[in-house]
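One structure, as structure tokens, below. Some questions next.
The values are calculated or read from the model by the stated rules, or taken from the named source; none is laboratory data. Note that this is a predicted model, so its numbers are computed, not measured. A quick note on method: Cβ atoms are made from the backbone with ideal geometry, for glycine too, and the neighbour counts reach across all protein chains shown. Side chains included, ligands, DNA and RNA excluded: accessible areas come from the protein's heavy atoms. Shrake-Rupley method; radii C 1.70, N 1.55, O 1.52, S 1.80 Å.
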Number of protein chains: 2
Amino acid sequence: MRIGELAAQSGVSVRALRYYEEQGLLEAERSGSGQRRYPASAAERVQLIQMLYAAGLSSRTIAELLPCVESRVSTPESRARLAAERDRIDAQIAALTRTRDRLDAVIVMSGLPASGCMWISDHDITEQAEMAGGLNGSPDAR
Amino acid sequence: MRIGELAAQSGVSVRALRYYEEQGLLEAERSGSGQRRYPASAAERVQLIQMLYAAGLSSRTIAELLPCVESRVSTPESRARLAAERDRIDAQIAALTRTRDRLDAVIVMSGLPASGCMWISDHDITEQAEMAGGLNGSPDAR
DNA sequence: CTTGCCCCTGACGTCAACGTCAGGTTTTAG
DNA sequence: CTAAAACCTGACGTTGACGTCAGGGGCAAG
């Protein structure tokens, strides 16, 4: 399959695919005229790459771990690297969960009039919204 | 408190604190000679800023939502923004969890003595991952 | 033949959250 | 009083994962 097709299929840009190759993450056969040809399995590999990028791994780390993750084969060394990254991701998940809960608390609280966090009486929602827009004292709202 | 103390206390660099001020996230009083003075509450605010940055929010978004998150007061508009960000974070957590599980599967599998070697068939993968997941509960968000 | 689409290789541009350096002033310790 | 430490503004540098543009080639359809 050609690079444009792979891009469409995997949802990334053509530029990104060439970048992955440059980083040693994705190899391609070349046709006589020098055009890249990918096997069907490349789509899955690209998905993995995206997955690992999204988890904050660097190109270098992905290059090291990708064969291992794709083939499900690990050496003792790669296992240690994998575990380290998994722990990092776990920590990230924990932090994000705390942040999510913090936002949730603020959102949910506005639905509890008894808590005292509603600073405007709730008998007229529309008026409340207008007042909120005009009176909201965000110090450096631009 | 002075900028160096706040930096030490909140674990960020002096440069970062000045950057936050530049972005309208953190205000400071000025002494006669122009040096920044922060109230004790600034440390908590910096923690919040870090928290939101780590969740992938931009400076502009943080500037909009920070007063609301810190004071726990929300307007209908800010509530919508907050909910949108919370949903984004939820999606991020879900994706990270899938990635973590993928790494975990590779790690756990090679540690199972029954396989006797570094790789095992696809058929065994899901079964063993289930077994391993049941045996040692991986740290789970939520 | 030429039109249009896809492909190629450089190579420079971008954006965000700071790092770092220069050159000067203020505060603190002894 | 003096020297070190901390602070100030301003401005340029860094990093990663691409975006974008320039300049050129190949190839099937009309």
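Looking at A:Pro113, A:Pro76, A:Pro139 in this structure, which one is under 30 Å from the mean Cα position of the chain (by Cα) and at pLDDT below 95?
From the options A:Pro113, A:Pro76, A:Pro139, the qualifying one is A:Pro76.
Can you find a residue in region A:47-57 that is within 12 Å of DNA strand C (Cβ to nearest atom), aliphatic (A, V, I, L, M) and outside the structural domain of A:Glu85 (by TED's automatic domain parsing)?
no
Would you call A:Ala91 over 23 Å from B:Ala91 (Cα atoms), away from DNA strand C (no atom under 16 Å from the Cβ), of a type outside the set (Lys, Arg) and surrounded by fewer than 20 Cβ atoms within 10 Å (Cβ to Cβ)?
On the way: over 23 Å from B:Ala91 (Cα atoms): no; away from DNA strand C (no atom under 16 Å from the Cβ): yes; of a type outside the set (Lys, Arg): yes; surrounded by fewer than 20 Cβ atoms within 10 Å (Cβ to Cβ): yes.
When the stated conditions are applied, A:Ala91 does not pass them.
Right, next: Out of all the residues in region A:66-82, which are buried (at least 16 other Cβ atoms within 10 Å of the Cβ) and either facing chain B (nearest Cβ under 7 Å) or among the acidic types (Asp, Glu) (or both)?
Of everything in region A:66-82, those that are buried (at least 16 other Cβ atoms within 10 Å of the Cβ) and either facing chain B (nearest Cβ under 7 Å) or among the acidic types (Asp, Glu) (or both) turn out to be A:Cys68, A:Val69, A:Arg72, A:Val73, A:Ser74, A:Arg79, A:Leu82.
Now for a separate question. Any idea how many residues of region A:1-42 are hydrophobic (A, V, I, L, M, F, W, C) and over 30 Å from B:Ala55 (Cβ atoms)?
8
Is there a residue in region A:28-38 that is under 30 Å from B:Ile89 (Cβ atoms), open to solvent by 50 Å² or more (accessible area, probe 1.4 Å) and at pLDDT 95 or above?
Checking region A:28-38: not a single residue is under 30 Å from B:Ile89 (Cβ atoms), open to solvent by 50 Å² or more (accessible area, probe 1.4 Å) and at pLDDT 95 or above.
Say whether the condition of being farther than 15 Å from A:Arg100 by Cβ and of a type in the set (A, V, I, L, M) is met by at least one residue in region B:85-92.
No, region B:85-92 has no match at all.
Taking the condition within 14 Å of chain B (Cβ to nearest Cβ) and within 16 Å of DNA strand C (Cβ to nearest atom), does A:Gly4 pass?
Details: within 14 Å of chain B (Cβ to nearest Cβ): no; within 16 Å of DNA strand C (Cβ to nearest atom): yes.
Answer is no for this residue.
With A:Arg60, A:Arg18 as the choices, which residue is open to solvent by 70 Å² or more (accessible area, probe 1.4 Å), at pLDDT 95 or above, in a helix (DSSP H, G or I) and within 16 Å of DNA strand C (Cβ to nearest atom)? Give the steps one after another, and end with the answer.
Working: A:Arg60 fails: within 16 Å of DNA strand C (Cβ to nearest atom).
Result of the check over A:Arg60, A:Arg18: A:Arg18.
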